[in-house]
Amino acid sequence: MPGGRRKQRVSMADVAKLAGVSSQTVSRVANGQSGVVETTREQVLAAMRELGYRPNSAARSLRYGRFNTLGVILFGLSSTGNSRTVEAIATEAAAEGYAITLIPVGVPTQDNVLGAFTRMGELAVDGVIVILEVHLLDAATVALPPGVHVVVVDSDAGERYPVVDTDQADGARQAVRHLLDLGHPTVWHIAGPAESYAAERRAQAWRTVLEEAGRPVPPIGRGDWSAESGYQAGLALPAECSAVFVANDQMALGVLRALTERGRRVPEEVSVVGFDDIADASSYLPPLTTVHQDFAEVGRRCVQALLAQIGSGPAGPGTDLVPTHLVVRSSTAPHQSR
């Protein structure tokens, strides 16, 4: 400012003076309350625009006990599931008049999670959604701060917290049964990281379906959700493999490349099924058969469950599973006897 003087913040009294109304009337308009004549409301809004007045949201939040902001704590945005879930949460929150504050946790430890909750408290949020795909919250020694409105995504902590998750196990069962129904003698599996709850659930279901069908259970392969790790695991698949269930679509893309480079045709010689049904899955070569996850519904249920707590108090533990379904495309075919 000229002369080194700072511009003073426009006050509610300044708006009231310009509009010719009381400060109480300005407060009602700023807070969207009823009981103000429309012409008066327009007069106050015009004064706000002219003066550049911005309501003090922090003070208003303290007065009414709401911040209209939801916190999201997560471990990693790089995975498709996490990024799409956050996107869905943000969309649903905005539709309900809430903003979101995002705090990534670099290394998922008890101290880091509690530190993230402390930061959330400083940033003033009404509730927190926790997205940690590792087993951190499943351990008896790890607990979230008491008295916090919280919903957990992708966890086995349903006995301790409200959890919203995709039905990982049923999706995997659908994938493996589809391949067995096509006549394949068994199904190989490339799993996600060992510490991932979702990867473990999918691998457990794969094994159970094979055992119940009396089929041999091949050695499990493993990747880190990336296409490159899928490529490396695909190179290691043995010649007798005629069907493979891959724990996510990005790794499946790598598997398709590896099989092609090895001269193995998909689906004529090897059938491939992924998991997620990402937007590009139908554009793979061949188009990928995969398990569809409804990330938008997961996000919607997270926000609605958290808002219900904010409105009526903390909810008890339990798990809300969002159904999956198999999308059959061109990467799977009946087994061809050699």
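The values are calculated or read from the model by the stated rules, or taken from the named source; none is laboratory data. Since we're looking at a predicted model, the values are computed, not measured. Glycine also receives a Cβ, built like all others from the backbone with ideal geometry; neighbour counts cover every protein chain displayed. For accessibility, only protein heavy atoms count, side chains too; no ligands or nucleic acids. Shrake-Rupley method; radii C 1.70, N 1.55, O 1.52, S 1.80 Å.
Using a 1.4 angstrom probe on heavy atoms only, work out the carbon and sulfur share of the accessible area of the chain in %. All intermediate terms of the calculation are to be shown ahead of the outcome.
Numbers: 8240 of 16070 Å².
Answer for the chain: carbon and sulfur cover 51 percent of the accessible area.
Multiplying the sequence separation of S11 and T91 by 0.36 nm and subtracting their Cα-Cα distance, what value in nm do you get?
Working it through step by step, the gained length comes to 25.5 nm.
Pick from E195, E269, E38: which residue has the top mean-square fluctuation in a GNM of the chain where Cα pairs under 10 Å get a spring?
E38
Under a 10 Å cutoff between Cα atoms, tell me which one of N248, N68, N112 has the largest fluctuation in the Gaussian network model of the chain.
N112
Sort all Cα-Cα distances of the stretch 255-338 into consecutive 10 angstrom bins from zero, then give the percent of pairs in each bin up to the one containing the longest distance.
16, 33, 21, 16, 11, 4, 0
Normalising by the residue count of the chain, find the relative contact order in percent from Cα pairs under 8 Å and 6+ residues apart.
Reported relative contact order: 17 percent.
With θ set to phi - 60°, apply the Karplus curve 6.51 cos²θ - 1.76 cosθ + 1.60 along the stretch 295-310 and write out the HN-Hα couplings as whole Hz, x wherever there is a Gly or Pro.
Computed from phi, the couplings for the stretch 295-310 are 5, 4, 5, 4, x, 4, 5, 4, 5, 5, 5, 5, 5, 5, 5, 4 Hz.
Between the helical axis of 38-51 and the dominant principal axis of the chain, each derived from Cα atoms, what acute angle in degrees is found, rounded to the nearest 10?
On a 0 to 90 degree scale, this one is about 80.
Determine, from the Cβ-Cβ distance of S282 and L51 and an R0 of 45 Å, the FRET efficiency 1/(1 + (r/R0)^6), rounded to the nearest 0.05.
According to the calculation, E is roughly 0.25.
For L102, list long-range residues whose amide hydrogen, built 1.01 Å from N in the peptide plane, is under 5 Å from its own amide hydrogen.
When sequence neighbours closer than 5 places are left aside, the close amide H contacts are V72.
Can you work out the accessible area per residue across the chain, with the rest of the protein chains kept in place, probe 1.4 Å, in square angstrom?
Averaged over the residues of the chain, the accessible area is 48 Å².
Under 10 Å, Cα contacts only: if you run a Gaussian network model on the chain, which one of A191, A236, A13 comes out with the highest mean-square fluctuation?
Result: A13 has the largest fluctuation of those listed.
Place +1 on the Cβ of every Lys and Arg and -1 on the Cβ of every Asp and Glu in the chain, take the dipole about the Cα centre, and give the residue among G97, W188, Q232 whose Cα lies farthest towards its positive end.
Comparing the listed Cα positions along the dipole, G97 ranks first.
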